[in-house]
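The values are calculated or read from the model by the stated rules, or taken from the named source; none is laboratory data. Predicted, not measured: the structure shown is a model, and the values here were computed from it. Backbone-built Cβ (ideal geometry, glycine too); neighbour counts: all protein chains shown. SASA here: full protein model, heavy atoms, side chains in, ligands and nucleic acids out. Shrake-Rupley method; radii C 1.70, N 1.55, O 1.52, S 1.80 Å.
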Amino acid sequence: MKRSTDRILTTHTGSLPRTTKVIELLLAERQNRGARKAELNAAVGDAIAHVVQKQIESGIDVINDGEQGRTDYTVHVLDRLAGFDGESTPPLGTGDPEFPELAQLLAHFASPFQYRPSCTGEVTWKDWGAAQADIDLSKEVMRGANATELFMTAPSPGQIARYLKNKHYETEEAYVYALADTMKREYEAIVDAGFILQLDCPDLAMLRHTVHLDKSLSDFRKIIAVNVAALNRAVADIPADRMRMHVCWGSTMAPHHTDVPLMDIIDIVLSAKPMAVSFPAANARHEHEWKIWREVKLPAGKVIVIAGVDCGFGTFAGRVQVDTKIVWLKLQSLSEGARLASAQLWAKAA
């Protein structure tokens, strides 16, 4: 993994706005699976090429495929994994019931891809070929891209368990470990393809205010400690310097008044194996938390990924979060800020 040794490198969190064509074909695929698969693959390839070029033009150093072929960053695993069935559970963090007006407002921005069934059987691969094809397509389209490094995202076991509730395994711990043992194959395949693996771990912060507010902080810490242990087992055979992880409190427009403070979980987060950790420090109510690094010492070999952005720009297909043109302006601004900061920092170092 490249480090900011002579200037501040830039990256982002993963999702980028999907093209209208891709969203249209993702919807068609959901309604009649396989009918327009070849057309969808071609559209995704074109979309990846487009976002790769836009990232480079924006000055981003460490780039990805923008998650163009996925409906979102977590539940797309349903197309590949067996063991899930039943009715969809409602999305978390919508403001309801404490903020019903906010919930009503956010309903207008909901993604059409919100099916979140429960785990009702053993978690296994039912279509490994789909996962491998996703990796292969991104690798092929991004081959030769004028970027410092390439990354690819995958949800952590704890994050999958956050969205797809357990109704099969005897304990939550057994469920998370089953997910870890299954997802291990995808994690290793991403690294084998030459990508930096980004593990999306919003569960480590978001489980607090979306699921476990009724528990003590001590009990919550035990839950996320299990999630990190399961993650570490899944990536045991991957070098730490080929991985980074993303931890956040969510991109939803919400009050964030019950978010867990970073200081309360940082020791558990830093116990995860990936070398690099990305924190969206400009999230509402977390702008001040850079100060924890005055007290918290990074373990040997750990780095914080900078400069990046808060969460994704296209987390869910079909849900407009940020105007597409504004996305590229934001990334350009990020790159320009990194250049200005680098000029000052390295001048002082000299």
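Odds and ends about this structure:
- Basic side chains Lys and Arg get +1 at the Cβ, acidic Asp and Glu get -1 at the Cβ, and with that the dipole of region 1-153 about its Cα centre reaches some 400 debye.
- Cα centroid separation, region 147-176 to region 1-67 (Å): 21 Å
- ³J(HN,Hα), Karplus 6.51/-1.76/1.60, whole Hz, each residue of region 229-235, x for Gly, Pro: 4, 5, 4, 4, 5, 5, 10
- For the chain, modelled as a GNM whose springs connect Cα atoms under 10 angstrom apart, the maximal fluctuation among 292, 268, 304 occurs at 292.
- Computed lengthening from residue 340 to residue 256, 0.36 nm per intervening residue step minus Cα-Cα distance: 27.1 nm
- Spherically averaged projected area of the chain from its Cα convex hull (nm²): 17.3 nm²
- Projecting the Cα atoms of 202, 349, 235 onto the charge dipole of region 191-350, computed from C-beta unit charges around the Cα centre, puts 349 farthest toward the positive end.
- Beta bridges from DSSP with both residues in the chain: antiparallel share about 25 percent, rounded to the nearest 5.
- Linear extension gain, residue 57 paired with residue 136, 0.36 nm per residue minus alpha-carbon span: 26.1 nm
- For residue 21 and residue 325, the difference between the fully extended length at 0.36 nm per residue and the C-alpha to C-alpha distance is 107.7 nm.
- Residue 311 accessible area, assembled protein chains, probe 1.4 Å, Å²: 10 Å²
- Farthest towards the positive end of the charge dipole of the chain, among the residues 249, 296, 166, is the Cα of 296, using unit charges on the Cβ of Lys, Arg, Asp and Glu.
- Net charge dipole size for the chain [Lys, Arg +1 and Asp, Glu -1 on Cβ; Debye, nearest 20]: 640 debye
- A Förster radius of 22 Å, combined with the Cβ-Cβ distance separating residue 298 from residue 215, puts the computed FRET efficiency at roughly 0.20.
- Carbon + sulfur, % of accessible area of region 34-143 - ligands and nucleic acids excluded, 1.4 Å: 52 percent
- Among residues other than residue 310 with Cβ under 15 Å from its Cβ, the summed charge is -2 (Lys and Arg +1, Asp and Glu -1).
- Farthest toward the positive end of the dipole of region 1-58, out of 53, 22, 5, is the Cα of 5, where the dipole comes from beta carbon charges about the Cα centre.
- Protein-only accessible surface order, largest first, of 257, 108 at 1.4 Å: 108, 257
- Using a cutoff of 8 angstrom between alpha carbon atoms and counting only pairs six or more residues apart, the relative contact order for region 1-134 works out to 24 percent.
- When 10, 120 are compared by accessible area of protein heavy atoms, the largest-first order is 120, 10, using a 1.4 Å probe.
- Region 307-333 versus region 232-246: alpha-carbon centroid distance in Å: 26 Å
- In order through region 165-173: 3J(HN,Hα) via Karplus (6.51 cos²θ - 1.76 cosθ + 1.60), integer Hz, x for Gly, Pro: 5, 7, 10, 10, 6, 4, 9, 5, 4
- Taking the helices alone, the chain has a mean residue ellipticity at 222 nm of -13000 deg cm²/dmol, built from -39,500 (n - 2.57) per DSSP H run of at least 4 residues and averaged over all its residues.
- Relative contact order of the chain, pairs being alpha-carbon contacts under 8 Å that are 6 or more residues apart, as %: 25 percent
- Looking at the chain, the accessible area is 45 square angstrom per residue; that uses a 1.4 Å probe and ignores ligands, DNA and RNA.
- When peptides 181-192, 14-25 are ranked by their average number of other Cβ atoms within 10 Å per residue, the highest-first order is 14-25, 181-192.
- Under the criterion of Cα pairs below 8 Å and six or more residues apart, the relative contact order for region 80-141 equals 52 percent.
- Each of 303, 269 has its accessible area taken with a 1.4 Å probe; listed largest first, they run 303, 269.
- Residue 288 sits with roughly 100 Å² accessible to a 1.4 Å probe, with DNA, RNA and ligands left out of the calculation.
- Entries in 325/348; 222/302; 126/215; 21/325 that, when Cα-Cα distance is taken, lie over 28 Å: 325/348; 126/215
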